[in-house]
1. Considering only the other residues whose Cβ falls under 12 Å of the Cβ of Arg86, what net charge follows from Lys and Arg at +1 and Asp and Glu at -1?
2. Using 1/(1 + (r/R0)^6) with R0 = 41 angstrom and r between the beta carbons of Leu25 and Ala74, what's the FRET efficiency to the nearest 0.05?
3. Highest mean first, what order results for 97-109, 116-128, 34-46, 55-67 on Cβ atoms within 10 Å?
4. Could you tell me what % of all Cα pairs in the stretch 89-144 have separations over 15 Å?
5. Once phi is turned into θ = phi - 60°, what whole-Hz ³J(HN,Hα) does the Karplus curve with 6.51, -1.76 and 1.60 give for every residue of the stretch 33-43, x standing for Gly and Pro?
6. If you bin the C-alpha pair distances of the stretch 25-104 every 10 Å from 0, what whole percents do you get?
7. Can you give the local net charge around Ala77? Use residues other than it whose beta-carbon is closer than 12 angstrom to its beta-carbon, Lys and Arg +1, Asp and Glu -1.
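All of the numbers you see were taken from the coordinates with simple rules; none came from a lab. Here the structure is a predicted model, which means the values were calculated and not measured. Reconstructed Cβ throughout: ideal geometry from the backbone, glycine too, with neighbour counts over all protein chains shown.
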Amino acid sequence: MARLFLWVIPALLAIPATPAPARVLIGVVDARFRLCSHAVHEQCVVDGDTFRLRGQRIRIADIDAPEIRPSRCAREADLGSRATTRLLALLNAGRFTLQPWPGRDTDRHGRLLRVVTRRGESLGGMLVDEGLARPWTGQRRPWC
C-alpha cells in the first residue's frame with residue numbers, strides 16, 4: 001500500500017493544470033469602446049457583428065453583418081464599414097445587456113455568442129432595421 005501511495009502522489013502532481021474557463025459575460029455592461037486596431041485590442045469593435053470586451057470576443061448572435069476584412073466587393077466593404085461604425089455608436093450609447101444565445105455558447109471561431117439588448121430591444125435588430133445587417137438564419141449568405 002505504501003508503495004502505491006508513493007507512486008500515485010508524484011503522478012498526480014505531474015498532471016498539467018487545465019486552463020481556467022473563459023468568463024461567461026452575461027448581464028449588464030457599462031463600457032466605452034473604440035475601433036479595434038493593431039494598437040487597440042480591449043473594449044473595441046471588430047466589425048458590424050463582433051466586438052471585444054474584457055478579453056473576450058463577442059459575436060452578436062442574432063444577426064449577420066457584412067465583412068470588412070476581407071470584403072468580397074465594394075458594396076460589402078461600404079456596408080460593412082457603415083455597420084461597424086453604427087455598432088460602435090450603439091455600444092457607446094449607454095449600458096446594455098448581454099444575453100446568452102439559446103443552445104450554444106460559442107461559435108466555431110471561439111467567440112462568445114450573445115444577444116445584445118438595451119431596454120429590451122436588440123441592438124442587432126436595430127442594425128437589421130437600418131439595413132446594415134440581416135437576421136441570422138444559421139448560415140452566411142453573400143453580400144455581393
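1. On the way: positive: Arg82; negative: Asp47, Asp49, Asp129, Glu130.
It works out to a net charge of -3.
2. Working: r = 35 Å, r/R0 = 0.85.
The calculated FRET efficiency here is 0.75.
3. Values: 97-109: 12.2, 116-128: 17.8, 34-46: 14.1, 55-67: 20.8.
Sorting 97-109, 116-128, 34-46, 55-67 by mean packing, highest first, produces 55-67, 116-128, 34-46, 97-109.
4. The share of Cα pairs beyond 15 Å in the stretch 89-144 comes to 58 percent.
5. Each residue's phi maps through the Karplus curve to give 10, 10, 6, 5, 8, 4, 8, 10, 10, 10, 6 Hz.
6. Reading upward from the zero bin: 19, 50, 27, 4.
7. With Lys, Arg at +1 and Asp, Glu at -1, the neighbours total 0.
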